Structure formats: structure tokens, C-alpha cells
1. If I take every Cα pair under 8 Å that is 6 or more residues apart in the stretch 31-184, average their sequence separation and divide by the length, what percent do I get for the relative contact order?
2. If I model a spin label as a point 7 Å beyond the Cα along the Cα-Cβ vector, how far apart are those points for residue 35 and residue 87 in nm?
3. When N counts the residues of the stretch 145-185, how does its alpha-carbon radius of gyration compare numerically with 2.2 N^0.38 Å, as a ratio?
4. FRET efficiency for residue 52 and residue 152, Cβ-Cβ distance as r, R0 = 41 Å, nearest 0.05?
5. Translational diffusion coefficient of the stretch 31-184 at 10 °C, 1.306 mPa s, Stokes-Einstein with Kirkwood Rh over Cα pairs, in µm²/s as a whole number.
6. Once the Cα gyration tensor of the stretch 91-130 is diagonalised, what are the square roots of 5 times its eigenvalues, in whole Å and ordered largest first, as equivalent ellipsoid semi-axes?
7. If packing is taken as the average count of other Cβ atoms within 10 Å, what order do 79-85, 120-126 fall into, highest mean first?
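Just so it is clear, none of the values below were taken in a lab; they were calculated from the coordinates. Note that the structure is a prediction, hence the values are computed from the model and not measured. We place every Cβ from the backbone using ideal geometry, glycine too, and count neighbours over all the protein chains shown.
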């Protein structure tokens, strides 16, 4: 049986393209990856006799099953947004607007461990059911992502500080930290 030069060259070209496609063109580590999304939610009551608030909410990304079950396989991760929702207003509340900032640190890291992740959110109405998507500080987002998605990451503390237009202050809010990440095997 005689092979034409065209058949040999085209066969070699096909094998080369197949091998190149198998590793994505950049060196095969042959991992299979899935994209995940998840949310970690916590509710917190805020009470203050003045018009300033300061509260700490503990959140643990490992409370999200996808994060917990894929922690050792996470290759890329991003906190996509933080949403605050007013769940209820207490009977003594006189505040109608709020503005503030959010910082984060690993639980137990000490006062110097705080990283500002929302430098300031503008004055927003304090109404039951209202949701506010907060602008994440892009200069600190990489550090925040590292705290959330590191292989040994644990619980984090979010410190929410702000001011209201009136006093006393009494409301319950929910904070939702929305996550996107890739897990590879």
C-alpha cells in the first residue's frame, strides 16, 4: 500500500492539532474544572442610642457547601458583590437614612488586620425590604479574595460602621457576600 505525501502530512497535521487541542494549547495539567457561584448570608440586629453604628458580623465562606466541598480544589475565586438588605425596623428606630463603610479581617487577627472593602456607601433610605449593592474597593479586592479563597481560609469578621440621620437606631439587616469560583480536580 502506497501513501501519498498529502495523506502523511495531513495525518501528522491532524495528530499535532489533536495533541494541541487536548492540552488547550498551553501545556496540559489535564484538570477538569467547574464554575461555582454561592452566597454566604448573615443577619444582624443594630441598636444605638446615637446616630453612629458599629457592628461586627462573622461570616464563614465554608458555610457555603460548594466552597466547603471544593476548598482544596479552588483555583480562582472572586467576591462578586456584597448586598445589604434591611430586614426590619425596630419600634424605637427614628433613622430614615444610613451611610457607611465595611472592613474585613480573619477572626482573631487583631486590630491591625482590618482591610477596607467598601470605603463608603452613599446615604440610602432605611426602609424594610430595600436592598443595596455596595461598591467594592477595587484596590483591596485582591486581598479580600485571598482572605476568602485561600486554602486555609476560615471565618471572617465584617465590621460595618456608619451614620444615620436620626437617633435612636434599631434595625435588622442581612448581609449577603456573593462568591464566584472555579474548582478543579
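1. Reported as a whole number, the value is 48 percent.
2. 3.1
3. 1.79
4. Here the calculated transfer efficiency is 0.70.
5. Diffusion coefficient, whole number: 98 µm²/s.
6. That gives 28, 13, 8 Å for the three semi-axes.
7. 79-85, 120-126
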